[in-house]
Amino acid sequence: MADKQISLPAKLINGGIAGLIGVTCVFPIDLAKTRLQNQQNGCRLYTSMSDCLIKTIRSEGYFGMYRGAAVNLTLVTPEKAIKLAANDFFRHHLSKDGKLTLLKEMLAGCGAGTCQVIVTTPMEMLKIQKLNAAGAFIRKLMPETVAAGTVEAKSPTAMQITRQLLKEKGIAGLYKGLGATLLRDVPFSIIYFPLFANLNNLGKRGSDGPAPFYVSFISGCLAGSTAAVAVNPVDVIKTRLQSLTRGSTEDTYSGVTDCIRKILRNEGPTAFLKGAYCRALVIAPLFGIAQVVYFLGVGEFILSFLPKKHD
């Protein structure tokens with residue numbers, strides 16, 4: 001049987017659109033997750049996800065929940081496009097020599113996760129600075145002032161943060177936390193993509209038919225939340241390493257090992273589960289929505305209107 005060809009441009013379009021829609025839907029939860037993960041003992045402003053969102057709305061307004069979203073929406077297009085398209089690309093080529101085994105599925109996920117960090121690391125670096133800039137400002141205020149909602153938080157723009165990082169640290173400044181990002185995104189993809197594919201296959205109509213959209217959505221949610229919780233400890237480390245703004249009583253870290261040691265010593269092992277609930281709530285619908293959009297074939301539909309080359 002002839003190899004089924006894949007359209008890489010169409011896959012890139014699908015991944016980009018899927019990422020844009022998914023991030024728009026779940027960004028407020030991602031904001032709460034990042035701020036909760038970045039709290040250290042003795043410097044706690046938020047007690048839970050709902051408390052974080054309520055205080056954010058009171059002090060920064062409704063659109064404060066989307067602080068840093070511009071960075072995500074700008075860079076999530078190539079990030080999700082690379083991640084989803086790369087996985088399909090590797091799966092396609094690894095299946096040419098026979099059945100796509102679980103090991104090959106994991107290798108494809110590993111390749112996709114490795115490729116995406118080119119975009120993921122600077123995107124998350126800038127996003128975390130945007131989210132924490134307002135959080136650092138709020139921590140300086142009296143709790144009753146925040147609760148009253150009488151102060152408007154100010155924070156630098158993504159462009160200002162980018163210029164400052166490039167001026168002070170060069171390109172390497174945007175890739176601070178690269179090692180931790182690799183340790184998070186590669187295992188995530190190794191877990192997520194094989195799990196999604198196998199769950200999705202359970203709902204297929206016949207041996208060759210596609211799965212219904214709701215099966216893809218549920219499969220994306222289940223696989224995404226499972227992978228998210230599994231790699232949450234590394235996500236906590238990455239968030240801490242990429243946070244440049246620290247209070248006078250908060251720890252600073254020189255690297256992954258130093259970060260792990262100080263968190264265990266000062267906060268205990270449960271600190272590595274900070275934000276796990278929020279992260280699962282972010283990743284589950286994000287990947288559920290992304291997989292539905294991706295498998296609807298929007299990219300193929302758009303490209304079908306372009307003039308075709310004739311030999």
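The values are calculated or read from the model by the stated rules, or taken from the named source; none is laboratory data. Treat the numbers as computed from the prediction; the structure is a model and nothing was measured. Note that each Cβ is placed from the backbone with ideal geometry, even for glycine, and that neighbours are counted across all protein chains shown. Accessible surface is based on the protein model in full, side chains and every heavy atom, while ligands, DNA and RNA are left aside. Shrake-Rupley method; radii C 1.70, N 1.55, O 1.52, S 1.80 Å.
Any idea which of (1) among the basic types (K, R); (2) modelled with pLDDT of 80 or more; (3) under 29 Å from I237 (Cβ atoms) is the one R58 doesn't satisfy?
In the conditions (1) among the basic types (K, R); (2) modelled with pLDDT of 80 or more; (3) under 29 Å from I237 (Cβ atoms), R58 misses (3) alone.
Has the stretch 176-192 got any residue that is charged (D, E, K, R) and open to solvent by less than 50 Å² (accessible area, probe 1.4 Å)?
Scanning the stretch 176-192, I find at least one residue that is charged (D, E, K, R) and open to solvent by less than 50 Å² (accessible area, probe 1.4 Å), so the answer is yes.
So for the stretch 101-114 (the condition being modelled with pLDDT of 80 or more and within 20 Å of D30 (Cβ to Cβ)), does at least one residue qualify?
yes
Being modelled with pLDDT under 90 and hydroxyl-bearing (S, T, Y) is the requirement here; does S248 meet it?
Yes; evaluated as a whole, the condition is true for this residue.
Taking the stretch 68-99 as the region of interest, how many residues are open to solvent by 40 Å² or more (accessible area, probe 1.4 Å) and touching a Lys or Arg at 6+ places or on another chain (Cβ under 6 Å)?
1
Would it be correct to say that I6 is open to solvent by 10 Å² or more (accessible area, probe 1.4 Å), β-branched (V, I, T) and either modelled with pLDDT of 80 or more or part of a helix (DSSP H, G or I) (or both)?
Taking the combined requirement at face value, the residue does not satisfy it.
List every residue pair whose Cβ atoms sit under 9 Å apart, with the two residues 6 or more apart in sequence or on different chains, where the first one lies in the stretch 280-305 and is at positive phi and the second, anywhere, is surrounded by fewer than 20 Cβ atoms within 10 Å (Cβ to Cβ).
Short answer, once both residue conditions are applied: G297/A10.
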